[in-house]
């Protein structure tokens, strides 16, 4: 049976606070038996992979470049895409649910792709960036479900369980 897949998006240069949030989110994903997917490199991506790794989970890094060596050391699987920012589309298409933490332009593009592909988006409102700005909003008229708001990691876990259809 296919495992549920959760893509976590956020800055390559995450703050210390965002990094800690990322580690906690990676741990939550692993504890739920899901697979964590990120852009595979530094910052928030590394934090999620580390939290998942430390909790015994599986993390997948979809890299923009061509080299395995560009991955952070915590990814279980590494996919060098060779397609640059276009890989942001792959990141969200690989997800049953997308979690946004903070974020700059790359995160904004991933949120737009997730919206267009109708992947549920959970935004951690305490993390700043695009996650905070778009939480509770509709990106456009094409989908009735807003970007879901999580005001804490506990809220995030509850929403994630609900969106993945898990029983815990």
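The values are calculated or read from the model by the stated rules, or taken from the named source; none is laboratory data. The shown structure was predicted, so the numbers you read here are calculated from the model rather than taken from an experiment. Methodologically, a virtual Cβ is constructed for each residue, glycine included, from the backbone with ideal geometry; neighbour enumeration extends over all protein chains shown.
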Kindly list, by first and then second residue, each pair from a residue in region 114-138 that is free of Cβ contacts under 8 Å to residues at least 12 places away in the same chain to a residue that is surrounded by 21 or more Cβ atoms within 10 Å (Cβ to Cβ) and in a loop (DSSP other than H, G, I, E, B), limited to pairs with Cβ atoms under 7 Å and residues at least 6 apart or on different chains.
-> 137/147
Under 8 Å by Cβ, and 6 or more places apart or on different chains, what pairs join a residue from region 51-70 that is touching a residue at least 60 places away in the same chain (Cβ under 8 Å) and on the phi > 0 side of the Ramachandran plot with one that is in a strand (DSSP E or B) and surrounded by 20 or more Cβ atoms within 10 Å (Cβ to Cβ)?
-> none
Got a sec? Which strands (runs of 3 or more DSSP E) wholly within region 17-126 have at least 3 residues that are buried (at least 23 other Cβ atoms within 10 Å of the Cβ)?
-> 35-38, 58-63, 97-101, 121-124
Taking region 84-113 and keeping residues in contact (Cβ under 8 Å) with a residue 60 or more places away in the chain and at positive phi leaves 102, 103
Scan region 143-160 for residues that are modelled with pLDDT of 95 or more and part of a loop (DSSP other than H, G, I, E, B) and report the count.
-> 4
